[in-house]
1. Using only Cα atoms and rounding to the nearest 10 degrees, what angle (0 to 90) does helix 79-88 make with the longest principal axis of the chain?
2. What is the distance, in nm, between label points placed 7 Å from the Cα along the Cα-to-Cβ direction at K291 and at A137?
3. What ³J(HN,Hα) values, in whole Hz, does the Karplus curve 6.51 cos²θ - 1.76 cosθ + 1.60 give for segment 240-255 when θ = phi - 60°, with x put for Gly and Pro?
4. Can you list the HN-Hα couplings for segment 18-35, worked out from phi with the Karplus curve (6.51, -1.76, 1.60; θ = phi - 60°), rounded to whole Hz and with x for Gly and Pro?
5. Which cross-chain or sequence-distant (5 or more) residues have an amide H under 5 Å from the amide H of F32, H modelled 1.01 Å from N in plane?
6. What number comes out for the charge environment of K141, summing +1 per Lys or Arg and -1 per Asp or Glu over other residues with Cβ under 11 Å away?
7. May I ask for log10 I(q)/I(0) of segment 271-354 at q = 0.10, 0.11, 0.25 Å⁻¹, from a Debye sum over the Cα atoms as equal point scatterers with solvent left out?
8. Within 10 Å of each candidate Cβ there may be at most 15 other Cβ atoms; applying that plus a DSSP loop requirement, which trypsin sites (Lys or Arg not before Pro) in segment 1-52 survive?
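What follows is calculated from the coordinates using simple rules that are stated; it is not laboratory data. Not measured: the values here are computed from a predicted model. Cβ sites come from the backbone with ideal geometry, for glycine too, and all protein chains shown count toward neighbours.
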Amino acid sequence: MSSDSKPVRVLVAGLGNMGRSHALAYHNNPGFEIVGLVNRSKVELPEELRGYEIHPDFNRALADLKPELCSVCTYSDSHADYAVAAFEAGCDVFVEKPLATTVADAERVVAAAKKHGRKLIIGYILRHHPSWIRLIAEARKLGGPYVFRMNLNQQSSGPTWETHKSLMQTTPPIVDCGVHYVDVMCQITDAKPVEVRGMGLRLSDEIAENMYNYGHLQVIFEDGSAGWYEAGWGPMISETAFFVKDVMSPKGSVSIVMDPNAKSDDIDTHTKTSVIRVHNAETGPGGRFLKPDEDLTMDGEPGHQELCDREQAYVLKAIREDINLDRHMNDAVQSLRICLAADESVRSGQPVKL
């Protein structure tokens, strides 16, 4: 076998929802060979993954197993240290979003990738989703300045609320999920973000006093574009208008129209789009619209696991074809910078200039 066709040896760290899904993607792709899984505790795994050993310590597994790729799907506060350790061991790295919990740490990871000449791919799963790619293309056709209206609220209970509480030990919802949707805004407008504002509220005494489970951010861009993103987690969160993905410009709008029966804590609803509605603002005689709205039906679009499969297929392609990832890395740092500025604004009560 040529070196290109030899499977990439991968170590998967973190076996929560995303870690399990990425591990399944590696297991089912002949381009990868899982050399081990890392989790601090033993966890129940899908049948396909039960043959792999679970190691409790990432650094020891890295030294002993000598992988070529590390997939870091742990809680956000360990992302930067694990990624840098992997680069120093000569590995390429896939890391779930957010890249880190501070901008300095995110920049440290990117610097390490460049220093060691390794690939760094960040888990912006919407970049591999055909419907979101189409939404961004349709919005760019309209031209700016833009208004971005986006949210993803999750009425969570039971195990889902336990997961959310664990995530909130380090990261508020507007940062954890916000990086995806701020990244979408930045892909639509090429203008630089200049100011961020945020507000947040702690709606549960089950989370730390300095944490909030509802947040709202606003970002203003150099070309005048303005966007907001809202995220709330917990048993008290309303399911009314929990999923808004809407872009407006002087020439019209592009929106995702959600199935009215969708549930906010169903992971597939976070990515499925159902229908993209394109509205053209052009008017003619009597000020009436010249064109009816166009509904683009996104039939047969990928579910959550298939998206993870696509994302890891891209990781393999980036490694084998030596794809330049500079823009990808810069975009990940920028979307994190915006969301962390929003968190700073929540805590200070002041807007943050970028």
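1. Approximately 50 degrees, to the nearest 10.
2. Label-label distance for K291 and A137, simple model: 1.5 nm.
3. Values per residue, Gly and Pro as x: 6, 6, 6, 10, 10, 9, 9, 10, 10, 8, x, 8, x, 8, 10, 9 Hz.
4. 6, x, 4, 5, 5, 4, 4, 4, 5, 4, 8, 10, x, x, 10, 10, 6, 9
5. HN-HN under 5 Å from F32: V8.
6. On the way: positive: R134, R140, K251; negative: E138.
Combined, the nearby Lys, Arg, Asp and Glu give +2.
7. -0.60, -0.71, -1.10
8. On the way: sites: R9, R20, R40, K42, R50; in loops: R40, K42, R50.
Sites meeting the loop and neighbour criteria: R40, K42, R50.
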